[in-house]
1. Based only on other Cβ atoms within 10 Å, what is the fewest-to-most ordering of L202, L412?
2. Placing one identical point scatterer on every Cα of the stretch 230-372 and ignoring solvent, what is log10 I(q)/I(0) from the Debye formula at q = 0.15, 0.16, 0.18 Å⁻¹?
3. Would you calculate the separation in nanometres between label points at E327 and E216, each defined as 7 Å from the Cα along the Cα-to-beta-carbon direction?
4. Summing -39500 (n - 2.57) over the DSSP H runs of n ≥ 4 in the chain and dividing by its residue number, what mean residue ellipticity at 222 nm do you reach, to the nearest 500 deg cm²/dmol?
5. Apply the a/c threshold of 1.5 to the C-alpha gyration tensor of the stretch 306-427 and tell me whether it is rounded, prolate or oblate.
6. Relative contact order for the chain: what is it in percent, counting Cα pairs under 8 Å that are at least 6 residues apart?
7. Determine the shape class of the stretch 60-157: with a ≥ b ≥ c the square roots of the Cα gyration tensor eigenvalues, call it rounded for a/c under 1.5, and otherwise prolate if a/b is greater than b/c, oblate otherwise.
8. Which trypsin sites (Lys or Arg not before Pro) in the stretch 174-235 sit in a loop by DSSP (not H, G, I, E or B) and have at most 16 other Cβ atoms within 10 Å of their own Cβ?
Amino acid sequence: MALAFDEFGRPFIILREQDQKTRLRGIDAQKANIAAGKAVARILRSSLGPKGMDKMLQGPDGDVTISNDGATILEQMDVDNQIAKLMVDLSRSQDYEIGDGTTGVVVMAGALLEQAERQLDRGIHPIRIAEGYEMASRVAVEHLERIAQKFEFDVNSYEPLVQTCMTTLSSKIVNRCKRSLAEIAVKAVLAVADLERRDVNLDLIKVEGKVGGKLEDTELIYGILVDKDMSHPQMPKHIEDAHIAILTCPFEPPKPKTKHKVDIDTVEKFETLRKQEQQYFDEMVQKCKDVGATLVICQWGFDDEANHLLMHRNLPAVRWVGGVELELIAIATGGRIVPRFQELTPEKLGKAGMVREKSFGTTKERMLYIEHCANSKAVTIFIRGGYGLGNKMMIEETKRSIHDALCVARNLIRNNSIVYGGGAAEITCSLAVDAAADKYPGVEQYAIRAFAEALDSVPMALAENSGLQPIETLSAVKSQQIKENIPFYGIDCNDVGTNDMREQNVFETLIGKQQQILLATQVVKMILKIDDVISNSEY
Ligand code: ADP
């Protein structure tokens, strides 16, 4: 395709190899695009909510992912259609900015597209629909602002935060352990939060996983975790107030190079050489002790004899630590990586309140915990589990669920306004948007009403996924909201016995919900404005 200009400077498009291209114009283009968008939304619709289904996806190399997270499901799907890709991006944007609500945003966009299709059939111009949607989304966002409540918590009584994270986790595969995982997520966020600036740098929270053990064994470590153990089993397993030498040089006497020849023809000579080597290494150990090191972490290995000596001289050591980990340890403990042994000085030692080796159950696996580091607030969430399944699938899904919970806690610290979930926010917005529609004299009125109807589809999907009658349930809850003029009634997905989401403690952040509505509207507007699709006919 090429863009050219005629003699009046007006642009026109030249399509090469015309017969290989297909072209959809006008209403056909919009219909085709809407169909593609709806198809994506339909896939996610059944995984919305606490009773939502999970999806199993097989990658090109045969690895299987089971997930409930909208962004992940879409990410793993190999979609070819450009409009479908837009929906994937939509979910990704919600994930990037908010971290939660990635399924909801796609379901919302799908519903808006479905309603738009009806309006198109009625003969309303796509631009009018787009404008109506824009107005309606503004009404909804402002309405949310009005009904939002402040969510009070402080660092010492963080129970409310835990409750919120539990809401997020309740729709995930890991909901069996939602209480403990939510607590871990909140503690992690509070540990790295800058409460004065009301911000949280999630990069400071590392989420690590290791297959084995139970999900219940997942723990929060105030520091970093290294997948290594002490070089000798008799070395101390706990080192308090550790001063750490971080070495990238070999920690052993220099070995005779192959190109030099050493003649050893008597036992005495051998003994002398051995003694010399030992003495050399002994001096190295002494040097470490002199600068005040109580632990040596090395990039390279050392032989058994050296190991034995280290144990005897009471200098614990860890060998074969990878470069990336060394760097991490150096940053966290405020130490410097020492590339040449002679350069070791007391200032270059890293400091940590506690270094300990932990072994897991009956397995031989051991990990090194470097905690209360001098220089960094960084924490690590160490996920266990998946033993029964025998693969990393569970760990990966747990990582994603924890990420969602971390995002929710972070969002609340940034902005502590909340709205109620379970579709309550959507229902009250739907009512507000419907009421506002009458005020618009133009055809946009229809689009605004359609927007209100699209909002209803979120609570309907929640009801449907929980095995309830969608229309009946929605109308009952809606009339309850109108009668009592209370915007907290939603779908009782878990059959608790009340529709009051305040009582059920089901809420979502205001910014998250607003973002969902705004992003879904933007994407749908974009899709509606496309009236020409030119593509290779092979597709
Ligand atoms: P998302 O990826 O969009 O967060 P989820 O599958 O986590 O999707 O579902 C979130 C939806 O489920 C929200 O609308 C939320 O309000 C609702 N929800 C979560 N827990 C409950 C609950 N216990 N009762 C009713 N609705 C709930």
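Where a number appears in this text, it was derived from the coordinates with a stated rule and is not lab data. Predicted model only: the values in this text are computed from it and were never measured. Every residue, glycine among them, receives a Cβ derived from its backbone with ideal geometry; neighbour counts consider all protein chains shown.
1. Details: L202 16, L412 25.
Listing L202, L412 from fewest to most nearby Cβ atoms yields L202, L412.
2. Summing over Cα pairs of the stretch 230-372 leads to -0.76, -0.84, -1.02.
3. 4.0 nm
4. Numbers: 16 runs with 252 residues, N = 539.
Mean residue ellipticity at 222 nm (helix-derived): -15500 deg cm²/dmol.
5. oblate
6. Details: 990 pairs, mean separation 142.5, N = 539.
This gives 26 percent for the chain.
7. Taking the square roots of the gyration eigenvalues as a ≥ b ≥ c, the stretch 60-157 is oblate.
8. On the way: sites: R176, K178, R179, K187, R197, R198, K206, K210, K214, K228; in loops: R197, R198, K214, K228.
Passing both the DSSP loop test and the Cβ count: R197, R198, K214.
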